[in-house]
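A quick write-up on the structure given underneath.
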């Protein structure tokens with residue numbers, strides 16, 4: 001006869017599923033952000049004038065209600081909070097998964113795991129490192145390969161003309177595609193939106209669509225800089 | 001058929017344990033996997049070695065006792081329980097590795113036998129409906145929509161074998177939990193306790209030390225009853241609703 005153990009903390013908001021919900025919701029914020037960010041980046045195809053004035057416009061949106069760069073700072077704070085939540089939930093659940101099986105199998109055979117699902121944790125860690133590099137590169141201008149011009153367009157082109165800078169960004173976009181593929185599906189599942197077979201199929205398709213559109217859209221820029229189309 | 005078996009041997013929970021290799025001949029392809037182990041144990045008895053301990057009961061795929069990790073797959077390569085798996089699914093001369101379920105919430109008692117009472121405690125935490133005793137109520141007085149009744153019945157086929165946990169890279173019991181939550185939550189009789197049920201069962205699941213779900217889907221592939229992944233979505237939805245209702 002099994003004995004019932006008293007559960008100390010019964011609050012559902014402290015459960016593993018609540019952590020997953022936090023991860024899903026913060027992930028949705030990121031999806032919205034990368035779509036908007038990609039839209040701005042693609043202005044590079046319209047030339048220096050369009051790109052630089054868009055960048056400047058981002059800083060003057062909402063004036064005079066908001067101070068200069070006010071909206072950008074609001075977005076940055078939202079993103080930082082979302083990132084902290086996302087990373088905290090991910091590493092907490094990662095550690096928990098490790099403790100749930102301390103004795104490993106001698107033989108394992110995964111039959112139903114997508115490549116993207118298997119790379120969520122290390123791929124996510126790689127993306128975290130990329131985000132740090134990306135901010136040091138274009139936002140804080142601590143790392144300035146190619147160009148440290150005050151024109152964002154010149155910094156963009158100057159950087160991506162260096163093959164290894166483009167390579168870093170392209171690899172990161174591949175990692176982002178994988179993360180979005182499984183992340184979109186997983187978020188839909190965690191939010192309880194996939195209660196039928198067709199809803200599950202749609203969530204999976206949306207994952208592929210977002211992965212291709214977002215990672216593909218961003219990748220166009222270094223590729224076309226390297227090809228000399230954007231110069 | 002001749003087989004090489006690598007079987008996990010562990011005297012007791014405190015023993016470190018390890019894989020031990022056995023050669024077994026004269027295996028018929030019509031034998032079930034458990035009958036093959038019975039033959040091995042007869043051979044071990046004759047040589048004076050202690051037989052391999054493994055869980056089994058009904059041997060007809062409905063009790064959920066037989067829990068073996070066979071070549072890295074819970075219940076082996078077919079969509080069924082170990083007892084309903086036959087040796088024709090293997091090749092002559094094959095090496096088969098047999099391990100117990102690996103999850104810290106399912107500690108090994110001996111050899112291939114694990115203590116799965118964590119599942120019993122999860123059920124005790126809320127996997128039931130409270131009904132007054134006495135004469136049975138008139139069945140037709142509580143209408144259940146057909147599609148909901150069908151879904152409830154489909155997921156009620158979960159036998160609690162633990163293959164989902166065994167196959168999950170995170171050692172999560174979400175598919176099991178989801179099956180129970182969906183089964184009871186789809187029916188009118190399950191409504192009064194719906195929020196409390198999911199809150200208590202999830203809390204017990206976490207307290208037992210199972211991992212969190214990453215929606216990979218190894219569980220549903222291993223499930224001998226083919227419980228679909230949407231029960232986990234249902235579980236998440238029910239918990240989200242319970243949180244909104246103050247749990």
- Query: Can you name the helices (runs of 4 or more DSSP H) wholly within the range A:162-228 that have at least 1 residues being within 14 Å of chain B (Cβ to nearest Cβ) and surrounded by 18 or more Cβ atoms within 10 Å (Cβ to Cβ)?
  - Reply: A:163-190, A:197-210
- Message: Name the single residue that is farthest from the other protein chains (Cβ to nearest Cβ) among those in the range A:107-121 being surrounded by 14 or more Cβ atoms within 10 Å (Cβ to Cβ) and part of a loop (DSSP other than H, G, I, E, B).
- Response: A:119
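Is it the case that residue A:130 is out of contact with any helix residue (DSSP H, G or I) (no Cβ under 6 Å at 6 or more places or on another chain) and either assigned to a loop (DSSP other than H, G, I, E, B) or in contact (Cβ under 8 Å) with a residue 12 or more places away in the chain (or both)? Don't jump to the end; show me each part of the working.
Details: out of contact with any helix residue (DSSP H, G or I) (no Cβ under 6 Å at 6 or more places or on another chain): no; either assigned to a loop (DSSP other than H, G, I, E, B) or in contact (Cβ under 8 Å) with a residue 12 or more places away in the chain (or both): yes.
In short, no.
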- Message: Going residue by residue through the range B:183-195, is there one that turns out to be in contact with a helix residue (DSSP H, G or I) (Cβ under 8 Å, 6 or more places away or on another chain), at the interface with another protein chain (Cβ under 9 Å from one of its Cβ atoms), crowded, with 24+ Cβ neighbours inside 10 Å and assigned to a helix (DSSP H, G or I)?
- Response: no
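Can you find a residue that is within 14 Å of chain A (Cβ to nearest Cβ), out of contact with any helix residue (DSSP H, G or I) (no Cβ under 8 Å at 6 or more places or on another chain) and surrounded by 16 or more Cβ atoms within 10 Å (Cβ to Cβ) anywhere in the range B:11-26? Write out each step before concluding.
We begin by selecting, within the range B:11-26, every residue within 14 Å of chain A (Cβ to nearest Cβ); these are B:13-21.
Next, from what is left, pick out any that are out of contact with any helix residue (DSSP H, G or I) (no Cβ under 8 Å at 6 or more places or on another chain): B:13-21.
From the residues that got through so far, the ones that are surrounded by 16 or more Cβ atoms within 10 Å (Cβ to Cβ) too are B:17.
The answer is yes, given that some residue of the range B:11-26 is within 14 Å of chain A (Cβ to nearest Cβ), out of contact with any helix residue (DSSP H, G or I) (no Cβ under 8 Å at 6 or more places or on another chain) and surrounded by 16 or more Cβ atoms within 10 Å (Cβ to Cβ).
At pLDDT 95 or above, within 22 Å of residue B:69 (Cα to Cα) and assigned by TED's automatic domain parsing to the domain that holds residue B:148, is that true of residue B:199? Walk me through how you get there before you give the answer.
Values: at pLDDT 95 or above: yes; within 22 Å of residue B:69 (Cα to Cα): no; assigned by TED's automatic domain parsing to the domain that holds residue B:148: yes.
Judged against the criteria, residue B:199 is not a match.
Quick one: which residue in B:154, B:140 is in a helix (DSSP H, G or I) and within 13 Å of another protein chain (Cβ to nearest Cβ)?
B:154
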- Just one of the numbered conditions (1) touching a strand residue (DSSP E or B) at 6+ places or on another chain (Cβ under 8 Å); (2) without any contact (Cβ under 8 Å) to a residue 40 or more places away in the chain is not true of residue B:162; which one? (2)
- Mind listing whichever residues of the range A:84-126 are touching a residue at least 40 places away in the same chain (Cβ under 8 Å) and within 22 Å of residue B:70 (Cα to Cα)? A:114
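Considering only the range B:168-181, I want to know if a residue exists there that is more than 30 Å from residue A:99 (Cα to Cα) and at pLDDT 95 or above. Break it down into steps so the answer makes sense when it comes.
Here is the first cut: in the range B:168-181, the ones more than 30 Å from residue A:99 (Cα to Cα) are none.
For the range B:168-181, residues more than 30 Å from residue A:99 (Cα to Cα) and at pLDDT 95 or above: absent.
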- Message: Checking residue B:129 against (1) under 30 Å from residue A:120 (Cα atoms); (2) in contact with a helix residue (DSSP H, G or I) (Cβ under 7 Å, 6 or more places away or on another chain); (3) touching a residue at least 60 places away in the same chain (Cβ under 8 Å); (4) in a loop (DSSP other than H, G, I, E, B), only one condition comes out false. Which one?
- Response: (1)
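The values are calculated or read from the model by the stated rules, or taken from the named source; none is laboratory data. The shown structure was predicted, so the numbers you read here are calculated from the model rather than taken from an experiment. With ideal geometry, Cβ positions are generated from the backbone for all residues, glycine too; neighbour counts draw on all protein chains shown.
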